[in-house]
1. Pick from 93, 126, 39: which residue has the top mean-square fluctuation in a GNM of the chain where Cα pairs under 10 Å get a spring?
2. Subtract the Cα-Cα distance of residue 78 and residue 33 from 0.36 nm times their separation in residues, and report this length gain in nm to one decimal.
3. Out of (i) 1.04; (ii) 1.00; (iii) 0.96, which label holds the value of Rg/Rh (Cα atoms, Kirkwood Rh) that was computed here?
4. For 13, 114, what's the fewest-to-most ordering of other Cβ within 10 Å of each Cβ?
5. With a 10 Å Cβ neighbour count serving as the proxy for reagent exposure, in which order, fewest first, do 102, 118, 32 appear?
6. Evaluate the distance, in nm, between pseudo-label points positioned 7 Å from the Cα of residue 47 and of residue 123 along their respective Cα→Cβ axes.
7. Points 7 angstrom from Cα along the Cβ direction at residue 112 and residue 11: gap in nanometres?
8. Go ahead and set up a Gaussian network model of the chain, Cα springs under 10 Å, then flag whichever of 116, 103, 74 fluctuates most.
């Protein structure tokens with residue numbers, strides 16, 4: 001899609017991939033790198049979770065978004081919103097449930113109004129992202 005060439009990825013979610021050890025995760029882990037793109041696929045017929053969203057890397061299933069935390073993302077996919085997922089980091093020495101951490105972004109078309117909104121938000125001293133420790137702030141109860 002042409003518009004995705006000029007869009008913003010707005011952070012919406014991050015989590016460890018669930019069920020990692022029951023799928024191809026451990027086998028593929030040595031090849032998976034930070035910033036690798038992932039595919040999110042709705043599994044409407046999943047017997048364990050009606051809101052299941054599977055996580056794929058290069059066509060291989062790694063596992064799922066966490067049950068109970070996946071509802072909004074499942075709805076976004078159901079309504080045709082475009083989500084972009086990527087590997088944040090892998091941790092081969094951790095337990096299988098903590099070996100692959102991912103992030104999901106909602107793709108938003110770029111236009112002058114949205115660009116102005118983002119610029120204004122990023123400049124605000126109370127912008128939420130500035131409160132997070134990874135940006136040098138304090139979590140303040142987040």
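1. 126
2. Going from the current span to full extension adds 13.4 nm.
3. The value matching this structure is (ii).
4. 114, 13
5. 118, 32, 102
6. Computed distance between label sites residue 47 and residue 123 equals 5.7 nm.
7. Spacing of the two 7 Å Cα→Cβ label points: 3.0 nm.
8. Greatest mean-square fluctuation among the candidates belongs to 116.
Each value in this text was obtained by applying a stated rule to the coordinates, not by laboratory testing. On a predicted model such as this, the values are computed, not experimentally measured, just so you know. Every residue, glycine among them, receives a Cβ derived from its backbone with ideal geometry; neighbour counts consider all protein chains shown.
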